[in-house]
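The structure appears right after this line, and notes come after that.
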Amino acid sequence: MNEGSKYYPLYIYLRQRGQDELTLTLAEIERLIGERLPETAHSQRSWWSNRSRGAVQAAAWMGAGYHVEEMDFANGRITFRKPGKIYSVQREGDAILWNADMIKALRYHMGMNQAEFARELGVRQPTISEWETGAYVPKRSSSKLLTFVAERAGFTYNDE
């Protein structure tokens, strides 16, 4: 994180906390950085996306070891959470049963947004979104591909 970034104070604040989860109000974040957040930060989920490229604000929380997990614009609250390092999975025979949390964790591990992850897997971005919200679960062929990609990316998990 660049010390000259206006989001550097947020980075330091998060880094010094040690909590697995932390909720801040938009007003608290604005006090930390010493200025008002852009209007898009008050109303658009995309501003809070956990993307590894092109977003100096995301570099602050991701550099401190957090991801934005929840955005409550009605109450002006943002929840940051430290992603786990080892994930537990369930199997059916030799196939891993990929669920919403596992898919999102793999994507975060790879430092990708949904569109980038979709390109990596050869699926549409809405498919990733549907998997991550639990609207659908991956078919067996997609589960095998997710397992291959996870192993190649060094994504660590334990069998339950």
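The values are calculated or read from the model by the stated rules, or taken from the named source; none is laboratory data. Values in this document were obtained by computation on a predicted structure and should not be read as measured data. FYI the Cβ positions are ideal-geometry reconstructions off the backbone, even for glycines, and counts take in every protein chain you see.
Residues that are within 20 Å of E28 (Cβ to Cβ) and either of a type outside the set (G, A, S) or not assigned by TED's automatic domain parsing to the domain that holds E151 (or both): does the stretch 81-102 have at least one? Yes, because at least one residue in the stretch 81-102 is within 20 Å of E28 (Cβ to Cβ) and either of a type outside the set (G, A, S) or not assigned by TED's automatic domain parsing to the domain that holds E151 (or both).
For the stretch 4-38, the set of residues classified as acidic (D, E), out of contact with any Phe, Trp or Tyr (no Cβ under 9 Å at 6 or more places or on another chain) and modelled with pLDDT under 95 consists of D20 only.
Would you say A64 is farther than 18 Å from G111 by Cβ, surrounded by 14 or more Cβ atoms within 10 Å (Cβ to Cβ) and within 17 Å of the chain's Cα centre (by Cα)? Answer is no for this residue. Filtering the stretch 66-81 to residues that are among the aromatic types (F, W, Y) and assigned to a loop (DSSP other than H, G, I, E, B) leaves Y66, F73. Within the set Q57, Q44, the sole residue that is more than 16 Å from L10 (Cα to Cα) and of a type outside the set (S, T, Y) turns out to be Q44.
Residues of the stretch 107-121 that are of a type in the set (D, E, K, R) and crowded, with 20+ Cβ neighbours inside 10 Å: R107 alone. Annotation note: Cβ proximity below 7 Å between a residue of the stretch 1-30 that is more than 18 Å from W47 (Cβ to Cβ) and a residue that is at pLDDT below 95 and among the basic types (K, R) (sequence gap 6+ or interchain) occurs for D20/R81; D20/K82; E21/R81. Of the residues making up the stretch 122-158, those that are under 20 Å from E92 (Cβ atoms) and β-branched (V, I, T) number 3. Among helices (runs of 4 or more DSSP H) entirely within the stretch 89-160, having at least 2 residues that are over 25 Å from R45 (Cβ atoms), more than 17 Å from the chain's Cα centre (by Cα) and of a type in the set (A, V, I, L, M, F, W, C) singles out 140-153.
Screening R51 against (1) within 30 Å of R140 (Cα to Cα); (2) of a type in the set (K, R); (3) in a helix (DSSP H, G or I); (4) outside the structural domain of R140 (by TED's automatic domain parsing) leaves a single unmet condition, (3).
All conditions but one from (1) small (G, A, S); (2) assigned by TED's automatic domain parsing to the domain that holds Y13; (3) modelled with pLDDT of 90 or more; (4) touching a strand residue (DSSP E or B) at 6+ places or on another chain (Cβ under 9 Å) apply to A64; the one that does not is (3).
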